[in-house]
1. May I ask you to verify whether Arg241 is over 30 Å from Met320 (Cβ atoms), modelled with pLDDT under 95, part of a helix (DSSP H, G or I) and within 20 Å of the chain's Cα centre (by Cα)?
2. Residue by residue through the stretch 191-209, note down the ones that are in contact with a strand residue (DSSP E or B) (Cβ under 6 Å, 6 or more places away or on another chain), of a type in the set (A, V, I, L, M, F, W, C) and away from ligand 2 (no atom under 15 Å from the Cβ).
3. If Leu314 meets every condition in (1) over 22 Å from Arg90 (Cβ atoms); (2) of a type outside the set (D, E, K, R); (3) at pLDDT below 95; (4) not in a strand (DSSP E or B) apart from one, which number is that one?
4. Scanning for something among the hydroxyl-bearing types (Ser, Thr, Tyr), within 16 Å of ligand 2 (Cβ to nearest atom) and in a helix (DSSP H, G or I), does the stretch 55-76 turn up at least one residue?
5. Of all the residues that make up the stretch 31-54, how many are within 16 Å of ligand 1 (Cβ to nearest atom) and under 13 Å from Asn193 (Cα atoms)?
6. Within the set of pairs 6+ apart or on separate chains, which have a first residue in the stretch 29-57 that is farther than 21 Å from Phe173 by Cα, a second that is part of a strand (DSSP E or B), and C-beta atoms under 6 Å apart?
7. Output the residues belonging to the stretch 235-251 that are in contact (Cβ under 8 Å) with a residue 40 or more places away in the chain and either more than 16 Å from ligand 2 (Cβ to nearest atom) or touching a Lys or Arg at 6+ places or on another chain (Cβ under 8 Å) (or both).
8. Could you tell me which of the residues Ala68, Ala72, Ala105, Ala135 is outside the structural domain of Gln340 (by TED's automatic domain parsing) and within 20 Å of Leu179 (Cα to Cα)?
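The values are calculated or read from the model by the stated rules, or taken from the named source; none is laboratory data. Since this is a predicted model, take the numbers as computed values, not measurements. Cβ coordinates were reconstructed from backbone atoms using ideal geometry, including for glycine residues, and neighbour counts include every protein chain displayed.
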Amino acid sequence: MRIFKDEEKLSPEFVPQYLPHRENELNMLKTFFSSIIDGRPSISTRVIISGAVGTGKSVLVKLFGQTAVSEALKKGVDLKFLYVNCRISRTTFSILRKLIEQLKARLPERGLSNEELFHKFLDYLDYKGLYAIIALDEVEVLLREEGPEPFYLFSRVGEERLKIPRISTIFVFRNPEVLDALDASTRSSILGNIIHLKEYDYNQLYDILKYRASLAFMHDVLMDDSIHLIADIASERGDARYALDILWRAGKYAEAENASKVTPEHVRKATASVYPTIRREHLEYLEQHSKLILLSLAKALDAERSAYVTSSMLNDYYKMVCEEYDVEPKSYTSFWEALQRLDDLGIIKIRVVSEGSKGRKSYISLPGIPTSILKKELEPLISSKQLRK
Ligand SMILES: Nc1ncnc2c1ncn2[C@@H]1O[C@H](COP(=O)(O)OP(=O)(O)OP(=O)(O)O)[C@@H](O)[C@H]1O
Ligand SMILES: [Mg+2]
């Protein structure tokens, strides 16, 4: 029995034409950017989108971008939607390169400071009479690594320089609390209209699953009970990615068994193999030392048979793992920074406990995935050859 019509329609990268329960937010975005879509902006627009994992931030931004570009085009406005994921492009410079690449502009990149390069980018927009909406997704890592510079650059510099505001920005945060750590002037250069996406509830997840299933599955193979069960399981987290991941795997189980329906039993099996806090794409894009640290954590938790290890104990394991892979361990400071990034990504949890006169200790745990699975996922990604490069 054929189960899937087109399983790609369940992948996290696919952008559907319709987002159930995000219609209001999509309309808000259209309203905020309407003067740009019309090609007569008087000021740049800045929007922040925030929301927990799997609340549809990325897909909302991408769908909005597509819609905005095609509506602008109908009005004869040359609008570009430039999307960069900061988890992948981690520095201001690599973001700039991504922006320029998407414009297909040939700009000299060497020997220029970030600010000079950004001016070239703006010159290009001016020269071609283009407008651009720059969307930076998953910006917390960027904020930690680069500080306020990129935000200042993208939201202020353009405004101050150009007579016609050619660029507008959308910043996507998982946790807007990181903004609190900024000084007032940076905060004011980032802040704009805020759209917060709430976690999906049971009924909303049901609608989302039903819609995406209609694109992905053959007619009538997915039992309605199965959708209810997935909505139920995922509603604890309100996470649509988790829901769709279970749906896809349930379909895969049904396919492997040559079953004629995707049953609740397939859903149960799928649920047992999906770990919502860990995304494979996250693991792949981690820098090598973060992978080594995660592997050390899995080993340490295993060996100690405990829920937590202290950061200093983890550092010892990390050094052992580095020896095993024949690489130089990073300094304790870099090790600690990498731990914080892993915490930002939601892969590990750091709990800092003050222990009276002994000072503070950090306890690290791995809440969302068994160590055995993590090791299995990580080991193929860490090859010693790559590490020595
Ligand atoms: N309202 C919706 N309708 C249909 N599909 C949705 C909806 N919301 C989210 N999805 C789907 O759920 C998955 C997760 O959404 P998305 O990647 O946008 O989440 P996110 O908020 O960016 O999460 P993260 O914080 O992990 O980046 C994607 O496959 C997306 O297409
Ligand atoms: Mg996202």
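1. Numbers: over 30 Å from Met320 (Cβ atoms): yes; modelled with pLDDT under 95: yes; part of a helix (DSSP H, G or I): yes; within 20 Å of the chain's Cα centre (by Cα): yes.
Against the criterion (over 30 Å from Met320 (Cβ atoms), modelled with pLDDT under 95, part of a helix (DSSP H, G or I) and within 20 Å of the chain's Cα centre (by Cα)), Arg241 qualifies.
2. Within the stretch 191-209, the subset in contact with a strand residue (DSSP E or B) (Cβ under 6 Å, 6 or more places away or on another chain) is 192-197.
Checking the rest, the ones that are also of a type in the set (A, V, I, L, M, F, W, C) come to 194-195, 197.
Of everything in the stretch 191-209, just one residue is in contact with a strand residue (DSSP E or B) (Cβ under 6 Å, 6 or more places away or on another chain), of a type in the set (A, V, I, L, M, F, W, C) and away from ligand 2 (no atom under 15 Å from the Cβ), namely Ile194.
3. Exception for Leu314: condition (3).
4. Step one: filter the stretch 55-76 for residues among the hydroxyl-bearing types (Ser, Thr, Tyr), giving 55, 58, 67, 70.
Cutting the leftovers down to within 16 Å of ligand 2 (Cβ to nearest atom) gives us 55, 58.
From the residues that got through so far, the ones that are in a helix (DSSP H, G or I) too are 58.
Yes, that holds for at least one residue.
5. Within the stretch 31-54, the first condition is being within 16 Å of ligand 1 (Cβ to nearest atom), and the residues that meet it are 47-54.
Checking the rest, the ones that are also under 13 Å from Asn193 (Cα atoms) come to 47-50.
Residues flagged as within 16 Å of ligand 1 (Cβ to nearest atom) and under 13 Å from Asn193 (Cα atoms) within the stretch 31-54 amount to 4.
6. So the pair list comes out as Ile36/Tyr131; Ile36/Ser168.
7. Once the filter is applied, which keeps residues that are in contact (Cβ under 8 Å) with a residue 40 or more places away in the chain and either more than 16 Å from ligand 2 (Cβ to nearest atom) or touching a Lys or Arg at 6+ places or on another chain (Cβ under 8 Å) (or both), the stretch 235-251 yields Gly238, Arg241, Leu244, Leu247, Trp248, Gly251.
8. Numbers: Ala68 fails: within 20 Å of Leu179 (Cα to Cα); Ala72 fails: within 20 Å of Leu179 (Cα to Cα); Ala105 fails: within 20 Å of Leu179 (Cα to Cα).
Only one candidate passes the filter, namely Ala135.
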